[in-house]
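For reference, the structure is listed below as structure tokens.
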Amino acid sequence: MVRAALVSVLTFCASVAQAADRLPASMLGKWALEPAACKEQSSELGMTVEPRAVLFYEHGNTITRLVRLKDGSWKGFGYSVDDQGRARDSITLKLVGDKLEVRGRMYHRCKDGA
């Protein structure tokens, strides 16, 4: 009986998302919707991922709580900030090969100096 209860607890713990204090290093850096857009990071096609923020052209997300989901993606909870102000928001990031999926869009990693 005790063994069955222990197995149930361990199974439950394994299925729960894991919390973290920052996005993984593999996601950090400059990204763009098209490789050629890496030269123009200040355009609408660029994105910068920092340990606790995701920055786009004229808006971004500040992450106050971060959770790794079962599918390997990371969900950040916090605030979005744009010219309209600040609002509670969440953002999910997932590495797919050498690309990063954010809000249904695939971003290419920009090389240093691009």
Checking residue 98 against (1) exposed (fewer than 14 other Cβ atoms within 10 Å of the Cβ); (2) farther than 15 Å from residue 32 by Cα, which test does it fail?
(2)
Scan region 10-23 for residues that are at pLDDT below 95 and not basic (Lys, Arg) and jot them down.
10, 11, 12, 13, 14, 15, 16, 17, 18, 19, 20, 21
Qualifying residues in region 20-36 (those that are in contact with a Pro (Cβ under 9 Å, 6 or more places away or on another chain) and free of Cβ contacts under 8 Å to residues at least 24 places away in the same chain) - the one surrounded by the most Cβ atoms within 10 Å (Cβ to Cβ)
28
From 111, 39, which residue is on the phi < 0 side of the Ramachandran plot, part of a loop (DSSP other than H, G, I, E, B), of a type outside the set (Gly, Ala, Ser) and touching a residue at least 40 places away in the same chain (Cβ under 8 Å)?
111
State whether the residues of region 74-84 include one that is aliphatic (A, V, I, L, M), in a strand (DSSP E or B) and surrounded by 17 or more Cβ atoms within 10 Å (Cβ to Cβ).
yes
Please go through region 73-84 and give me each residue that is modelled with pLDDT of 95 or more and of a type outside the set (D, E, K, R), ordered by number.
73, 74, 76, 77, 78, 79, 80
Taking interchain pairs and intrachain pairs at least six residues apart, which have beta carbon atoms under 8 angstrom, with the first residue in region 49-77 and of a type in the set (Ser, Thr, Tyr) and the second assigned to a loop (DSSP other than H, G, I, E, B)?
57/42; 57/43; 57/44; 57/45; 62/52; 64/52
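The values are calculated or read from the model by the stated rules, or taken from the named source; none is laboratory data. Predicted, not measured: the structure shown is a model, and the values here were computed from it. As a convention, Cβ positions derive from the backbone with ideal geometry for all residues, glycine included, and neighbour counts pool all protein chains shown.
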